[in-house]
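The values are calculated or read from the model by the stated rules, or taken from the named source; none is laboratory data. Not measured: the values here are computed from a predicted model. Here the Cβ is made from the backbone with ideal geometry for all residues, glycine too, and neighbour counts use every protein chain on show. When the accessible area is computed, the model is the full protein with side chains, heavy atoms only, and any ligands, DNA or RNA have been set aside. Shrake-Rupley method; radii C 1.70, N 1.55, O 1.52, S 1.80 Å.
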Amino acid sequence: VTETNNVRTVTEEGDDAKCSFHHRMFLEPQEKKRSMKALVIKQAKKTCSCTPTKVKDCVFGFFPILRWLPKYKLREDLLGDLMSGVIVGVLLVPQSIAYSLLAGVEPIYGLYTSFFASLIYCIFGTSRHISVGIFGVTCLMMGQVVDREMERAGYDLEPAVLSVPPGAAAHVNTTFSPLNGTWQEMLCDRSCHAITVAATVTFLAGVYQVAMGFFQVGFVSVYLSDSLLSGFVTGASFTVLTSQVKYLLGLDIPRSGGIGSLIVTWINIFKNIHKTNICDLITSFLCFLVLIPTKELNERFKSKLKAPIPIELVVVVAATLASHFGKLKETYGSSISGHIPTGFLPPRPPDWTLIPNVALDAVAIAIIGFAITVSLSEMFAKKHGYSVRANQEMYAIGFCNIIPSFFHCFTTSAALAKTLVKESTGCRTQVSGMVTSLVILLVLLVIAPLFYSLQKCVLAVITIVNLRGALRKFKDLPKMWHLSRVDTVIWGVTMAATALISTEIGLLVGVCFSMLCVIFRTQRPEAPLLGWVAESETYESLSAYKNLQTKPGIVVFRFEAPLYYINKECFKSTLYKQTGVNPVWVKAAKKKAAKRMLREKEVGSGDNQTSISMDFVSEPLGFHTIVIDCCAVQFLDTAGIRTLKEVCKDYREIDVHVLLAQCNPSVRSSLIRGEFFKEGEDHLLFHSVHQAVDFALGTQGHSGTSASK
């Protein structure tokens with residue numbers, strides 16, 4: 001007898017009758033108002049309303065500096081911000097010059113980029129600790145685009161020395177034809193075109209990032225898992241390292257781009273290894289001997305040092321002095337940085353005609369830039385107990401690319417190494433970024449020309465030494481493998497594709513492979529049988545735990561994945577394997593046995609075979625009820641609903657009942673919409689496995705009593 005809030009099962013023993021009640025929870029669903037018109041009107045009113053408070057919140061939200069700067073605490077925060085800003089600025093000067101080579105542009109543009117990025121992020125950013133500026137991976141991606149477009153434009157020569165005399169600095173923005181101009185004009189023209197390409201890509205990347213913030217599509221970053229990003233950065237680090245080897249050896253070989261550039265570059269290096277410049281090689285070796293041990297000391301004793309030793313700046317100054325007074329370029333033919341002009345160039349818009357050529361390249365750069373920036377800002381905000389807004393961070397990094405693109409800059413993003421330095425040296429607020437920009441401004445206005453004699457091999461050493469963090473990920477592989485083999489495989493595939501194919505394709509391969517891993521894990525999920533934990537209402541996996549009990553005649557089965565078109569066949573085959581009964585085969589065997597019986601009767605066969613056939617038809621299965629635990633089934637699609645219907649129907653035809661337990665509201669709603677239940681059967685949907693098992697035991701007891709009577 002079924003009542004309103006419970007299911008009553010009547011059992012009888014002899015003359016006495018016993019009633020057991022299996023209580024059901026009565027849940028009244030919420031009424032969902034789905035009036036699209038009302039929703040649109042409500043959203044329009046909310047968006048279009050304009051009040052002084054809303055305008056103020058909008059302005060303060062878009063310019064976070066207006067919130068935190070008036071509340072700035074001079075006594076508590078100024079010293080830490082000054083120290084961290086100066087130290088990061090000192091570190092940024094040599095790195096800015098070095099990464100300019102990686103991006104395929106002249107050193108001055110790296111200084112421009114670091115100056116504008118640090119300043120603009122202070123205005124728009126919400127993170128107090130991240131350092132925004134040049135980043136090796138995005139510089140590498142930028143350099144590949146620049147090289148490709150330079151080749152398309154007819155500039156085939158590798159600029160071994162982009163030395164522009166002081167008198168020619170005013171002509172940097174002048175464009176000449178490389179066929180008709182002089183050698184000096186060609187160099188000037190090549191430099192101008194390179195930064196024009198870089199600025200156009202940077203502008204587009206910034207537009208994409210601002211658009212993602214406006215449309216609130218920060219969810220894109222969820223497809224870039226930590227293992228994927230780590231593998232991508234490590235793979236790109238190999239490409240960065242490879243691109244710098246020619247500077248270490250003083251080789252004048254063309255820069256390779258496109259698919260397989262890493263392999264092609266190494267082939268060219270070994271083909272020209274006999275042309276190695278011994279002076280550059282010795283200088284590189286000496287710089288490694290100084291930089292690596294000092295960097296290790298900085299990391300090992302960072303808790304004891306008030307500030308890290310600015311060894312990169314020391315090496316740059318010492319190498320510049322040695323090159324200048326030793327006349328290494330004139331005597332040994334060493335490749336040097338060349339003239340770095342002071343001051344700022346007039347603003348110049350991107351080249352709009354290049355947009356169709358570089359629009360797709362800017363997408364990958366934009367995604368990597370905002371993914372790294374958002375992840376770092378959230379990580380340090382959580383560590384220091386404040387909050388950041390992901391969409392505002394996308395606006396911030398977008399404007400750090402859009403605005404500087406008019407001032408001869410290339411793409412920027414947050415960088416982990418400099419962020420760690422900034423945090424460890426006492427940074428308290430975004431004022432630290434302002435101090436960093438002032439340090440770089442001092443270099444731009446006064447000191448920059450002094451780096452004329454700096455060898456390019458020194459800059460290459462600085463770039464390679466700063467890759468240590470990414471390359472150290474190999475040491476973490478055993479631990480990563482122990483934690484998650486799938487994440488380790490994703491890391492390896494992304495790293496290999498990025499290094500051996502190309503950075504853009506490597507990123508795409510990593511994303512696609514990650515999605516395939518998710519699909520494969522839901523396609524072949526765990527699906528154990530469950531046993532009862534004594535003296536409780538809990539059911540756990542029989543394959544995972546000992547001393548679990550099973551109820552006679554009841555099989556409890558759990559499917560640990562959504563049930564949809566990809567894994568529906570896996571669900572059925574696993575269920576049949578775990579229960580040991582395929583209802584389709586049982587039905588077919590019964591039909592075959594019944595037909596044999598009929599034939600035997602017709603031909604008058606002996607009673608012995610007939611009795612054997614009858615025994616086969618009535619052979620018990622060992623269980624009468626299957627309880628499917630749906631707690632791990634997040635959703636059902638139409639194929640999943642159809643599969644459940646087929647399973648219930650097939651088992652019902654061999655006198656086995658199928659009960660569903662622990663379905664979430666989404667699954668229940670799907671079952672009801674899919675007409676899974678016949679009229680009056682919705683009470684067979686249980687809120688716990690224990691409740692379903694009790695119901696099955698009571699129902700079978702009632703059936704057994706009725707049959708005996």
List, please: which pairs have Cβ atoms under 8 Å, are six or more places apart or on different chains, and start with a residue in the range 479-504 that is farther than 11 Å from residue 262 by Cβ and end with one that is not in a helix (DSSP H, G or I)?
487/225; 490/225
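Which one of 147, 81 is over 27 Å from the mean Cα position of the chain (by Cα) and outside the structural domain of residue 456 (by the TED database)? Give the steps one after another, and end with the answer.
Working: 147 fails: outside the structural domain of residue 456 (by the TED database).
Checking each option against the conditions leaves just 81.
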Among (1) within 15 Å of residue 633 (Cβ to Cβ); (2) touching a residue at least 40 places away in the same chain (Cβ under 8 Å), residue 526 falls short only on (2)
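Kindly indicate whether residue 438 is modelled with pLDDT of 90 or more and either in the same structural domain as residue 135 (by the TED database) or in a helix (DSSP H, G or I) (or both). Steps first, please.
Working: modelled with pLDDT of 90 or more: yes; either in the same structural domain as residue 135 (by the TED database) or in a helix (DSSP H, G or I) (or both): yes.
Spelling it out, residue 438 is indeed modelled with pLDDT of 90 or more and either in the same structural domain as residue 135 (by the TED database) or in a helix (DSSP H, G or I) (or both).
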Step by step: first the residues of the range 393-419, then only those that are at pLDDT below 90 and open to solvent by 10 Å² or more (accessible area, probe 1.4 Å), then the one that is farthest from residue 472 (Cα to Cα). Which residue is that?
418
Taking the condition of being outside any helix (DSSP H, G or I) and either in contact with a helix residue (DSSP H, G or I) (Cβ under 9 Å, 6 or more places away or on another chain) or modelled with pLDDT of 85 or more (or both), how many residues in the range 191-237 meet it?
4
Given (1) open to solvent by less than 30 Å² (accessible area, probe 1.4 Å); (2) under 13 Å from residue 92 (Cβ atoms); (3) at pLDDT 90 or above, identify the lone condition not met by residue 422.
(3)
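What residue, of 309, 355, 367, is in the same structural domain as residue 195 (by the TED database), surrounded by fewer than 21 Cβ atoms within 10 Å (Cβ to Cβ) and in a loop (DSSP other than H, G, I, E, B)? Even if it seems obvious, please write down each step before you answer.
Details: 355 fails: in a loop (DSSP other than H, G, I, E, B); 367 fails: in a loop (DSSP other than H, G, I, E, B).
Residue meeting the stated conditions: 309.
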